[in-house]
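Reviewing the structure listed below.
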Amino acid sequence: MSLDIIVEDRIPYISGVLEPAGNVTYLPAEAITPEVMRSADALITRTRTRCDARLLHDSRCAFIATATIGTDHIDLPYCRSRGITVANAPGCNAPAVAQYVMAAILAAHPEGVSGLTAGIVGVGNVGRIVERWARSLGMNVMRCDPPRQEAGDRGPWFSMEEIAREADVITFHTPLSRDGNHPTYHLASKDFLASLRRKPMIINAARGAVTSTEALIEAHAAGLTGALVIDCWEGEPDIDLRLLDASFIATPHVAGYSREGKIRATAMAVDAFSRHFGVQVNPLPVAIPPAAPLAVTAADILSTYSILADDAALRAAPSTFESLRNHYPLRPEPR
């Protein structure tokens with residue numbers, strides 16, 4: 001079998017890996033067009049390639065892998081209707097996002113975080129690590145995840161109303177959904193933010209539209225929130241400069257950008273490709289990293305990540321959001 005494979009050229013550690021399976025073309029996201037995809041059997045990409053009818057209507061593509069956790073950029077119903085298999089990389093960068101969250105909390109509380117209460121909204125791959133690491137630093141934790149609670153996962157569980165009353169830090173780690181029993185679109189809404197009681201720090205390292213930009217700006221101006229930490233933005237890369245100005249930490253969607261996270265994402269995309277087509281490929285040129293540690297110290301976080309440097313880079317040139325993201329120097333995860 002010889003396949004025609006399109007690979008976004010910003011995916012690290014993949015060069016030379018898929019060549020045993022066929023002809024591999026590496027392209028920037030903006031060059032992955034319907035014309036390019038017409039003869040493609042497979043696409044391996046990231047979030048900046050919108051995979052929908054416009055891109056795929058005249059394509060023979062049978063497989064798409066995204067080297068990311070999210071699939072917001074992929075029209076899943078359309079792909080199902082066309083028989084296109086879609087694979088993502090759940091949990092690949094969870095330790096890096098947890099590292100980002102803990103670095104932000106430590107930056108806001110240099111005197112120490114022991115005794116603070118963190119409300120974690122969404123307790124999946126990322127939220128579970130945030131929980132473990134927050135506890136290891138002496139923080140109290142309130143967990144909110146209605147779908148997991150309804151599925152019978154062990155608690156204790158807390159409601160959004162309880163978190164609004166009692167948390168000193170609220171950090172979001174949900175996917176973005178607009179329908180279903182528990183939509184997450186604008187979960188941090190005007191009403192939710194109006195119910196805050198402890199001026200909590202708000203962190204969005206999930207999806208931009210999980211928090212309402214207008215509601216955050218208004219709530220912060222009204223003194224309802226503490227420090228705002230925004231890594232994921234509505235409308236990015238064209239971010240709202242008012243929210244940038246209001247934020248304590250503002251970064252260009254790089255919370256998950258660790259070296260280890262990128263290795264895991266590429267490995268998961270390659271493995272899914274290999275299984276789907278039943279082909280052998282070359283090994284990645286790097287070792288697959290271990291799982292996240294069970295506990296961290298403040299020194300573990302601060303010695304591996306300077307979150308304020310990322311904040312300064314975005315503030316210096318907000319219009320370079322996409323360039324900062326594309327040329328980000330991958331950081332190490334805590335070990």
Inset, instruction - Considering only residues that are in contact with a Lys or Arg (Cβ under 8 Å, 6 or more places away or on another chain) and open to solvent by 50 Å² or more (accessible area, probe 1.4 Å), look in the stretch 309-335 and name the one that is farthest from residue 113 (Cα to Cα). - result: 330
Inset, instruction - Looking at (1) hydroxyl-bearing (Ser, Thr, Tyr); (2) modelled with pLDDT of 95 or more; (3) open to solvent by less than 40 Å² (accessible area, probe 1.4 Å), find the lone condition where residue 85 falls short. - result: (3)
Inset, instruction - For the stretch 1-16, enumerate the residues that are over 17 Å from residue 267 (Cβ atoms) and part of a loop (DSSP other than H, G, I, E, B). - result: 1, 2, 9
Inset, instruction - Report, by residue number, each residue of the stretch 63-82 that is without any contact (Cβ under 8 Å) to a residue 24 or more places away in the chain and open to solvent by 30 Å² or more (accessible area, probe 1.4 Å). - result: 71, 76, 77, 80, 81
Inset, instruction - Taking the residues in the stretch 108-129 that are of a type in the set (Gly, Ala, Ser) and assigned to a helix (DSSP H, G or I) as candidates, determine which candidate is farthest from residue 151 (Cα to Cα). - result: 108
Legend entry - Criterion: surrounded by fewer than 19 Cβ atoms within 10 Å (Cβ to Cβ) and closer than 17 Å to residue 106 by Cα - qualifying residue of 306, 247: 306
Inset, instruction - Being of a type in the set (Gly, Ala, Ser) and closer than 28 Å to residue 181 by Cα is the filter; apply it to the stretch 131-155 and report the residue that is surrounded by the most Cβ atoms within 10 Å (Cβ to Cβ). - result: 155
Inset, instruction - Collect the residues in the stretch 56-75 that are more than 18 Å from residue 273 (Cβ to Cβ) and over 16 Å from the mean Cα position of the chain (by Cα), keeping them in residue-number order. - result: 57, 58, 75
Legend entry - Every residue from the stretch 72-119 that is within 27 Å of residue 229 (Cα to Cα) and among the charged types (D, E, K, R): 72, 111
Legend entry - Candidates 127, 119, filtered to the one that is within 28 Å of residue 44 (Cα to Cα) and open to solvent by less than 30 Å² (accessible area, probe 1.4 Å): 127
Inset, instruction - Could you list all residues from the stretch 101-116 that are within 14 Å of residue 132 (Cα to Cα), of a type outside the set (Val, Ile, Thr) and open to solvent by less than 10 Å² (accessible area, probe 1.4 Å)? - result: 102
Legend entry - Residue count for the stretch 151-172, restricted to those that are assigned to a helix (DSSP H, G or I) and touching a strand residue (DSSP E or B) at 6+ places or on another chain (Cβ under 9 Å): 5
Inset, instruction - Out of the residues in the stretch 187-224 that are touching a strand residue (DSSP E or B) at 6+ places or on another chain (Cβ under 7 Å), part of a loop (DSSP other than H, G, I, E, B) and not hydrophobic (A, V, I, L, M, F, W, C), state the one that is least open to solvent (accessible area, probe 1.4 Å). - result: 200
Legend entry - Number of the condition not met by residue 29 [criteria: (1) of a type in the set (Gly, Ala, Ser); (2) open to solvent by 30 Å² or more (accessible area, probe 1.4 Å); (3) closer than 22 Å to residue 256 by Cβ]: (2)
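The values are calculated or read from the model by the stated rules, or taken from the named source; none is laboratory data. Note that the coordinates shown come from a computational prediction; the quantities given were computed from them, not determined experimentally. So basically every Cβ, Gly included, is an ideal-geometry build from the backbone, and we count neighbours across all protein chains shown. For the accessible areas, the whole protein counts, side chains as well, though only heavy atoms, and no ligand, DNA or RNA atoms are used. Shrake-Rupley method; radii C 1.70, N 1.55, O 1.52, S 1.80 Å.
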